[in-house]
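Data block below; observations after.
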């Protein structure tokens with residue numbers, strides 16, 4: 001297999017883009033990444049998207065975005081794995097280059113959610129749950145988040161306020177990210193007084209639905225410097241699955257898919273958690289960051305929240321997370337989120353994270369979680 | 001890149017499976033293929049599906065089917081490219097094995113459509129069209145088929161009845177296929193008197209919506225005989241795209257995506273149309289078979305229908321097509337169709353096509369078409 005590098009990055013601001021269609025969002029990110037890579041053409045396009053069939057009345061996004069970007073004819077398909085669609089598409093693009101099936105490949109994550117009422121978005125998000133055993137019973141994505149958080153508090157003896165630092169850190173980091181949706185800091189008081197969404201999940205435990213698109217361009221590392229002075233090497237990209245229904249798991253508080261995905265990534269890269277300088281967690285809910293930190297070996301079981309309470313997740317902490325705002329404050333355009341995470345890790349490794357730069361960042365990791373953990377993709381990137 | 005072979009085949013009957021859920025259909029095909037391959041485990045699963053979000057309230061099919069099949073933990077994602085989703089998923093599975101990222105891979109196509117009223121299915125099928133420029137105007141998949149057929153008749157001087165042999169051949173071949181939805185022969189009189197759907201497309205020009213799932217298991221050719229006595233070699237798998245909207249094409253009667261996809265497959269295999277012993281066309285409408293035959297070089301422009309009129313598409317004709325009934329009579333479970341085509345070509349090459357066996361078939365091809373030609377996947381298989 002060939003060594004693979006990211007040679008270009010692109011992203012749109014995350015927010016409510018009522019004036020832009022999904023294909024325009026996808027094109028904007030793709031175009032920005034191709035310019036960044038000084039690439040005039042790509043051979044293939046993989047589109048990560050989770051909700052477009054339900055929310056925009058449009059599937060067939062591979063061909064649609066390829067054509068709109070002037071790339072008519074190239075190989076292009078959509079990849080879906082619920083909220084992990086973005087990084088799942090990245091995994092396919094990576095495999096195409098690593099396996100020698102293509103040289104220059106684009107991976108776009110794109111999602112458009114803000115044209116709809118919350119209940120419509122909620123119904124669409126439920127497609128990533130187990131329809132027969134969760135969705136049919138009225139359980140929502142938010143509901144699963146609340147059940148997991150409640151159980152975590154019960155099992156490990158935490159209060160709701162103990163989760164505050166996840167949200168405070170995300171919002172603090174979003175301030176300097178021009179592409180973030182919510183660029184305002186919040187305090188512990190804001191967190192504690194936040195409106196409940198599904199108790200114990202409040203407004204500030206929960207990431208906002210949003211529109212956005214992000215893109216990376218991939219190439220064999222051997223030719224990466226023909227395109228960019230700052231290639232970012234892909235050390236590992238690993239997918240693992242678990243039950244889609246949270247209640248089917250041996251232990252709902254142990255994200256086995258996340259653990260397996262991380263282990264596969266560590267094994268492929270010959271690395272462990274101690275080597276990682278920053279981690280983009282999938283903080284759809286604060287509790288998901290805690291579970292991800294634990295599954296990836298950064299904290300023992302039940303100690304993920306403690307990392308946040310101790311301030312170890314900040315930019316100068318032991319393991320900085322959500323360094324550009326995370327899902328919470330950068331925003332969560334579901335199928336695009338996995339690509340935003342990778343673009344942000346790559347920005348850190350290129351030294352382009354501005355006020356949010358993690359000092360001497362050499363190895364960065366992102367974990368993109370689908371549903372409540374049914375599909376998990378872990379990617380490890382390295383500064384060159 | 002490694003040489004890749006199909007080591008196992010599985011399929012469910014195509015029809016109205018009101019008693020089976022989508023995950024059960026997918027599992028049944030996967031289980032049959034794993035037994036056929038004598039494989040106890042696969043490393044990865046790629047699921048081709050186009051409509052599940054709209055029609056079954058379920059996405060996240062990769063993890064869902066993997067878990068239901070007892071394969072919890074493996075890499076698994078869904079691939080979507082409208083009606084070409086099945087073969088697009090096959091292309092990903094093929095790439096994973098060819099590139100050395102996995103050894104034993106399953107590709108499942110699964111779709112469930114019959115629980116819904118026709119108008120619901122029609123709306124879901126429209127997601128594969130251009131939503132802004134076709135769907136929004138009320139154009140349907142059937143409507144595009146009618147426009148293409150009308151234009152073909154006008155440009156090339158055919159009557160509606162000249163298309164009859166596509167349907168007659170498909171229905172004749174479905175008789176001996178135990179998995180086909182409509183196992184009854186039809187005559188020219190049936191065709192000519194058929195109820196119009198969208199003039200000039202009649203009931204017998206148009207493939208039926210259906211439920212079904214089909215699966216192939218892939219492995220490096222080097223170890224294929226550890227699993228099966230009848231490996232089928234994958235000579236090429238190629239994806240090409242075109243505009244999603246039919247009116248955006250330079251010539252709506254020239255499927256440029258189909259031509260490019262075929263050319264890429266021929267080039268990869270070092271073959272041409274004269275080498276191919278049978279072709280599974282994507283006969284969602286009779287005119288699509290004509291356009292596919294032309295795009296793949298089996299007939300000159302405007303002469304695809306002539307091949308049918310001359311009886312050259314039958315089992316003993318110059319280029320047998322729809323040898324197990326095609327979309328028309330085997331049925332069209334949209335996202336599964338690309339896998340049915342590949343299973344059927346493989347059956348022919350293994351000499352297991354029964355009464356429908358194409359004599360001495362060595363090289364078989366399948367062309368899976370998404371939308372009206374926005375994504376096209378061409379696969380060439382070879383008897384070992």
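The values are calculated or read from the model by the stated rules, or taken from the named source; none is laboratory data. Quick caveat: nothing in here was measured; it's all calculated off a predicted structure. All Cβ positions, even for glycine, are placed from backbone atoms using ideal geometry, and neighbour counts span all protein chains on display.
Among the residues in the stretch B:168-186, are any surrounded by fewer than 22 Cβ atoms within 10 Å (Cβ to Cβ), in a strand (DSSP E or B) and at pLDDT 95 or above?
No, because not a single residue in the stretch B:168-186 is surrounded by fewer than 22 Cβ atoms within 10 Å (Cβ to Cβ), in a strand (DSSP E or B) and at pLDDT 95 or above.
Take residue B:100 and tell me if it is within 11 Å of chain A (Cβ to nearest Cβ), on the phi > 0 side of the Ramachandran plot and in a loop (DSSP other than H, G, I, E, B).
Yes, satisfied.
Could you please let me know if residue A:126 is touching a strand residue (DSSP E or B) at 6+ places or on another chain (Cβ under 7 Å) and closer than 21 Å to residue A:336 by Cα?
On the way: touching a strand residue (DSSP E or B) at 6+ places or on another chain (Cβ under 7 Å): no; closer than 21 Å to residue A:336 by Cα: yes.
It is false that residue A:126 is touching a strand residue (DSSP E or B) at 6+ places or on another chain (Cβ under 7 Å) and closer than 21 Å to residue A:336 by Cα.
Tell me, please, whether a residue that is in contact (Cβ under 8 Å) with a residue 40 or more places away in the chain and within 30 Å of residue B:31 (Cβ to Cβ) can be found in the stretch B:154-170.
yes
Spot the failing condition for residue B:272; the list is (1) within 16 Å of the chain's Cα centre (by Cα); (2) under 29 Å from residue B:357 (Cα atoms), and only one is missed.
(1)
Would you confirm whether or not the stretch A:153-163 contains a residue that is more than 19 Å from the chain's Cα centre (by Cα), within 13 Å of chain B (Cβ to nearest Cβ) and crowded, with 19+ Cβ neighbours inside 10 Å? Spell out how you get there, then give the answer.
Going through the stretch A:153-163, the residues more than 19 Å from the chain's Cα centre (by Cα) turn out to be A:153-163.
Now narrow it down to the ones that are within 13 Å of chain B (Cβ to nearest Cβ): none.
No, the stretch A:153-163 contains no residue that is more than 19 Å from the chain's Cα centre (by Cα), within 13 Å of chain B (Cβ to nearest Cβ) and crowded, with 19+ Cβ neighbours inside 10 Å.
Condition check: at pLDDT 95 or above and closer than 22 Å to residue A:158 by Cα. Does residue A:343 satisfy that?
On the way: at pLDDT 95 or above: yes; closer than 22 Å to residue A:158 by Cα: no.
Against the criterion (at pLDDT 95 or above and closer than 22 Å to residue A:158 by Cα), residue A:343 does not qualify.
If residue A:6 meets every condition in (1) away from chain B (no Cβ under 13 Å); (2) part of a loop (DSSP other than H, G, I, E, B) apart from one, which number is that one?
Of everything listed in (1) away from chain B (no Cβ under 13 Å); (2) part of a loop (DSSP other than H, G, I, E, B), residue A:6 misses just condition (2).
I'm told residue B:80 meets every condition in (1) within 11 Å of another protein chain (Cβ to nearest Cβ); (2) part of a helix (DSSP H, G or I); (3) in contact with a strand residue (DSSP E or B) (Cβ under 7 Å, 6 or more places away or on another chain) except one. Can you identify the failing condition by its number?
Of (1) within 11 Å of another protein chain (Cβ to nearest Cβ); (2) part of a helix (DSSP H, G or I); (3) in contact with a strand residue (DSSP E or B) (Cβ under 7 Å, 6 or more places away or on another chain), only one is false for residue B:80: (2).
If only one of B:54, B:5 is over 30 Å from residue B:225 (Cβ atoms) and touching a residue at least 60 places away in the same chain (Cβ under 8 Å), which one is it? Before the answer, list the steps.
Values: B:5 fails: over 30 Å from residue B:225 (Cβ atoms).
None of the others qualify; the one that does is B:54.
If you take the residues in the stretch A:229-253 that are out of contact with any helix residue (DSSP H, G or I) (no Cβ under 7 Å at 6 or more places or on another chain) and under 26 Å from residue A:335 (Cβ atoms), which one is farthest from the other protein chains (Cβ to nearest Cβ)?
Among those that are out of contact with any helix residue (DSSP H, G or I) (no Cβ under 7 Å at 6 or more places or on another chain) and under 26 Å from residue A:335 (Cβ atoms), it is A:247.
Can you find, within the stretch B:25-66, the residue that is surrounded by the fewest Cβ atoms within 10 Å (Cβ to Cβ) among those that are away from every other protein chain (no Cβ under 14 Å) and in a loop (DSSP other than H, G, I, E, B)?
B:40
Which one is nearest to the chain's Cα centre (by Cα), of the residues in the stretch B:103-130 that are surrounded by fewer than 24 Cβ atoms within 10 Å (Cβ to Cβ) and not in a helix (DSSP H, G or I)?
Checking each candidate, the answer is B:114.
Which count do you get for residues in the stretch A:131-145 that are crowded, with 17+ Cβ neighbours inside 10 Å and assigned to a helix (DSSP H, G or I)? Outline the logic, then answer.
Keep residues of the stretch A:131-145 that are crowded, with 17+ Cβ neighbours inside 10 Å, which gives A:131-132, A:134-135, A:139-145.
Restricting the remaining residues to those that are assigned to a helix (DSSP H, G or I) gives A:135, A:141-145.
Going through the stretch A:131-145 one residue at a time, the tally reaches 6.
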